[in-house]
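**Q** Encoded as C-alpha cells, here's the structure I'll be asking about.
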Amino acid sequence: MNRYKNSQNAFTKAKKYLPAGTTSNARLWKNVCLADSSCGIYGKKAKGAYIWDLDGNKYIDYRLGFGPVILGHSYQKIRDAVHKIDGNGLVYALDNELEIEVAKKVNRMVRCAEMVRYTNSGTESTMTALRIARGYTKKEKIIKFEGHYHGHHDYLLFSLPKHIKDHKDKKPVQGSLGIPKAISKLVYTEEWNDFSGVEKNVRRNHKEIAAIICEPVTGNSSVILPKEGFLKHLRELCNKYNIALIFDEVKTGFRLAPGGAQEVYKVTPDLAAFAKSLANGYPIGLVAGKKEFMSLIGPGKDKVFHGGTYSGNPVSMAAANATLDELRKDEVFEHLNSYGRELIRKINKLYDDYNLSAIIQGFPTMFQSLFTEKEQITNCRDKNKFCDISIFSELQKELMKKGIMIDEDSEEAVYTSFSHKKEELKKTLDAYEDAIKSVKVFLGRHHHE
Ligand code: PMP
C-alpha cells in the first residue's frame, strides 16, 4: 500500500510552480515518500503532540516545526491570546505595547538580554547580531564553527555538516551558489570544542575579528554539547581581544531551559539570536544583548540600521507574550524535563537490551541518537566519521511506519513539547522497541553479523 499517494500527487503539482517542489530545501524527504527520489510530505493539521499528513497518516510529532512548538501544536492559551487581538489589525507601522511587555519578560529570563530588537526569523536575528558586532568592534571577520547553521543569509552559510567529510583543512566551504567569493574571505571556520584551534586563530587574527558566533549546544549536526569550559574559554578570548561573543540560541533558546543555553552553562554572551520556541510557532525572532552593544541600533550613519515591516507585529507579540507566560511556570519545564529524561533513559535501555552501539546526546527537550562505538561525539568531523547513518535511517523509516515522526536527517534533533504526555511516551517507546527489532533484522542482513 502506498501511504504517501496524496503527498506524491501534491508534490508532482508543486514542482511546476515551486522550485524543487518545496518552500524550504530542508523539507524534502529523501527516503520516505518515493523510493527513488526526494519528495515533500504535505501536512494537513497538527494538534497537541500529533501531526497528520495529507494521506491521513497520524504521527506523534518529534520534529515540532524544526523546534518552535515547545508547548504543543495549536496550544489553546496561545490561540486565545492571539485571537483576542487579531481583530484589531495585524500590522500598524506603529509600535505596540506588547513589544515592551515581551522585552521585559525576555530581560528577566535571559542573562544577556539587557535590551532586545525583534525580527521575523532566526536568519534575520543572526544577520542583525553580526552587524551589531561589526559596528561595535569596527572589525569585519567572523569565526564560525563547522557544522553550525545560522540561517540562510550569505554571511554564515559555510561549512555545514554535509561539507565536512570531504575536506581536510579548515577552509570555509561555501554552502550555496550565489554567495559572493568576497564574503568567504570574511569567515574563518573552526572545529567545535577545539580549544587551541580557536585560540591560535584569535591570537593571530584578532585585529580583524569582530565576532565569534556559535550554537552553544549544536543542534544542527545532530546534538553536540560544548566540552566542559569551552564556552567560558570563548568568553575569555572575546573579552581579552575585543571580540563580540554571539550565541545563536535559535534552537536552544526557551527550550533547553527558560533562559536557554546561557542559563544552563552560566556564560553570558554579548549578543544572542532567538526565534523558534519564543512564540510556539508564530513567526518571530529577536536579537538580545548587552546595552552597550544593543544601543548602537538606531537612526543615523554612525549607527546600526535595523527595521522590518513585520517586526514586532502584534500577533507574533501576543503569541510570544503568552508563550513566555507558560514557559515561566515551573510545572512546564518540570514536565518537559521529566518527559524527555524518561524518554532518553528508556530508549537508551532499549539500545542496551538489543545490543545496539548507540549513544544519546543532548537535553530532555532536544536530543539525538548516534550510532557509534564512541562514548561521546564532540564535533561534526567525528560525527561524520564515526557514526553509522544507515542504522539511523533504518530506525527512522521504521518509526515513521509506526506513527512516530522524527526527521530523516540525523543532523536534526528530536524535540519534545509540553503536550507530549504519558500516553505518547508509552506509544513512542513501544514503537522504538518494534523499530529497533526491525533494525536488528536489517543489520543481520546487511552487516552479516
Ligand atoms: N540558527 C539556528 C541555530 C537554526 O537552527 C536555524 C533554523 N533551523 C536558524 C538560525 C535560522 O532560523 P530561520 O529558519 O527562522 O531563519
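**Q** Working carefully through the options Ala113, Ala93, find the one that is farther than 16 Å from Ser311 by Cβ and small (Gly, Ala, Ser).
**A** Working: Ala93 fails: farther than 16 Å from Ser311 by Cβ.
It is Ala113.
**Q** Could you give every pair whose Cβ atoms fall below 9 Å, whose first residue belongs to segment 93-120 and is farther than 17 Å from Ala272 by Cβ, and whose second residue is in a strand (DSSP E or B) and open to solvent by 80 Å² or more (accessible area, probe 1.4 Å), counting only separations of at least 6 or pairs across chains?
**A** Filtered contacts from segment 93-120: no entries.
**Q** Then there's this: Which condition breaks for Asn96 when tested against (1) within 16 Å of the ligand (Cβ to nearest atom); (2) surrounded by fewer than 24 Cβ atoms within 10 Å (Cβ to Cβ)?
**A** (1)
**Q** Give the residues of segment 75-93 that are among the hydrophobic types (A, V, I, L, M, F, W, C) and open to solvent by less than 70 Å² (accessible area, probe 1.4 Å), sorted by residue number.
**A** First, the residues of segment 75-93 that are among the hydrophobic types (A, V, I, L, M, F, W, C): 78, 81-82, 85, 90-91, 93.
Once the filter is applied, which keeps residues that are among the hydrophobic types (A, V, I, L, M, F, W, C) and open to solvent by less than 70 Å² (accessible area, probe 1.4 Å), segment 75-93 yields Ile78, Ala81, Val82, Ile85.
**Q** For Val102, state whether it is assigned to a helix (DSSP H, G or I) and surrounded by 15 or more Cβ atoms within 10 Å (Cβ to Cβ). Spell out the reasoning first.
**A** Working: assigned to a helix (DSSP H, G or I): yes; surrounded by 15 or more Cβ atoms within 10 Å (Cβ to Cβ): yes.
Against the criterion (assigned to a helix (DSSP H, G or I) and surrounded by 15 or more Cβ atoms within 10 Å (Cβ to Cβ)), Val102 qualifies.
**Q** Checking Glu190 against (1) surrounded by fewer than 19 Cβ atoms within 10 Å (Cβ to Cβ); (2) away from the ligand (no atom under 12 Å from the Cβ): exactly one of these is not met. Which one?
**A** Every listed condition holds for Glu190 apart from (1).
**Q** Still on this structure, please answer the following. Since Thr323 meets every condition but one in (1) outside any strand (DSSP E or B); (2) open to solvent by 20 Å² or more (accessible area, probe 1.4 Å), which condition does it not meet?
**A** For Thr323, the failing item is (2).
**Q** In segment 109-126, which residues are within 16 Å of the chain's Cα centre (by Cα) and open to solvent by 10 Å² or more (accessible area, probe 1.4 Å)? Break it down stepwise before answering.
**A** Pass one, segment 109-126, residues within 16 Å of the chain's Cα centre (by Cα): 120-126.
Result: Asn120, Ser121, Gly122, Thr123, Glu124.
**Q** Applying the selection to segment 273-307, what residues are of a type in the set (D, E, K, R) and within 16 Å of the ligand (Cβ to nearest atom)? First the steps, then the outcome.
**A** As a first pass, look at segment 273-307 and keep what is of a type in the set (D, E, K, R): 276, 290-292, 301-303.
Lys276 - this is the single residue of segment 273-307 that is of a type in the set (D, E, K, R) and within 16 Å of the ligand (Cβ to nearest atom).
**Q** Filter segment 145-181 for residues that are within 16 Å of the chain's Cα centre (by Cα) and buried (at least 19 other Cβ atoms within 10 Å of the Cβ) and give the result.
**A** Hits for segment 145-181 are Phe145, Glu146, Gly147, His148, Tyr149, His150, Gly151, Leu156, Leu157, Leu160, Pro161.
**Q** State all residues of segment 181-191 that are in a strand (DSSP E or B) and either at pLDDT below 95 or β-branched (Val, Ile, Thr) (or both); if no residue qualifies, say none. Don't jump to the end; show me each part of the working.
**A** Initial filter on segment 181-191 (in a strand (DSSP E or B)): 187-190.
Selection gives Val187, Thr189.
**Q** Another question, then. Across segment 1-38, what is the total count of residues that are open to solvent by less than 70 Å² (accessible area, probe 1.4 Å), touching a Gly at 6+ places or on another chain (Cβ under 7 Å) and within 16 Å of the ligand (Cβ to nearest atom)?
**A** Going through segment 1-38 one residue at a time, the tally reaches 2.
**Q** Same structure, new question: Please find, within segment 347-389, the residue that is most open to solvent (accessible area, probe 1.4 Å) out of those that are acidic (Asp, Glu) and part of a helix (DSSP H, G or I). Walk me through how you get there before you give the answer.
**A** Filtering segment 347-389 for residues acidic (Asp, Glu) gives 352-353, 373, 375, 382, 388.
Remaining after also requiring part of a helix (DSSP H, G or I): 352-353, 382.
Details: Asp352: 120, Asp353: 93, Asp382: 45 Å².
Per the stated criteria, the residue is Asp352.
**Q** What is the one condition in (1) surrounded by fewer than 21 Cβ atoms within 10 Å (Cβ to Cβ); (2) among the β-branched types (Val, Ile, Thr); (3) touching a residue at least 12 places away in the same chain (Cβ under 8 Å) that Ile406 does not satisfy?
**A** (1)
**Q** Only helices (runs of 4 or more DSSP H) wholly contained in segment 192-302 count here; list those with 1 or more residues that are farther than 26 Å from Phe363 by Cβ and touching a residue at least 40 places away in the same chain (Cβ under 8 Å).
**A** On the way: elements: 195-205, 230-241, 260-265, 291-294.
Answer list for segment 192-302: 195-205, 291-294.
**Q** Related question: Which residues, taken from segment 170-221, are aromatic (Phe, Trp, Tyr) and under 27 Å from Tyr415 (Cα atoms)?
**A** Keep residues of segment 170-221 that are aromatic (Phe, Trp, Tyr), which gives 188, 192, 195.
Once the filter is applied, which keeps residues that are aromatic (Phe, Trp, Tyr) and under 27 Å from Tyr415 (Cα atoms), segment 170-221 yields only Trp192.
The values are calculated or read from the model by the stated rules, or taken from the named source; none is laboratory data. If you're wondering where the values come from, they're calculated on a predicted model, not measured in any experiment. With ideal geometry, Cβ positions are generated from the backbone for all residues, glycine too; neighbour counts draw on all protein chains shown. Surface accessibility is based on the protein's heavy atoms, side chains included, excluding ligands, DNA and RNA. Shrake-Rupley method; radii C 1.70, N 1.55, O 1.52, S 1.80 Å.
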